[in-house]
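Here the structure comes first, spelled out in structure tokens, and everything after it is commentary.
Readers should treat all values here as calculations from the given coordinates under stated rules, not as data from a laboratory. This one's a predicted model, so the numbers in the text were calculated from it and none came from an experiment.
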Amino acid sequence: MGPTTRMTPPTWRCRACDTYTPATQRVCMVCEVPALVTQLLVAIDLADTRSGGVRARVEEAAELIHADIEAAHTGRPAPVIPITTANRSVAA
């Protein structure tokens, strides 16, 4: 029987206190700040009628999810991705 690989559970990095929390938790276990991706998804205004309004916010959330998955896969911390759309009050 060959060596076994121990899989670590997926986590996300809290950008407020720089600690890792299990992916099943949507709030940091240390500082209780919601995950940034959770904040972005909650803030999406589905009634936004501007061209690309909803899509831009969904794409931002997708970038964060992709960065966190890549970080978990490589073992390197996820980069801090700036929020570029007009709805910046969510991250404040």
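Worth pointing out:
- Gain in span if fully extended, residue 56 to residue 19, counting 0.36 nm per residue against the direct Cα distance: 10.5 nm
- With Cα atoms as the point set, the radius of gyration and Dmax of the stretch 11-74 evaluate to 13.1, 39 Å.
- Amide hydrogen neighbours beyond the local backbone of residue 12, cut-off 5 Å, H modeled: 21, 23
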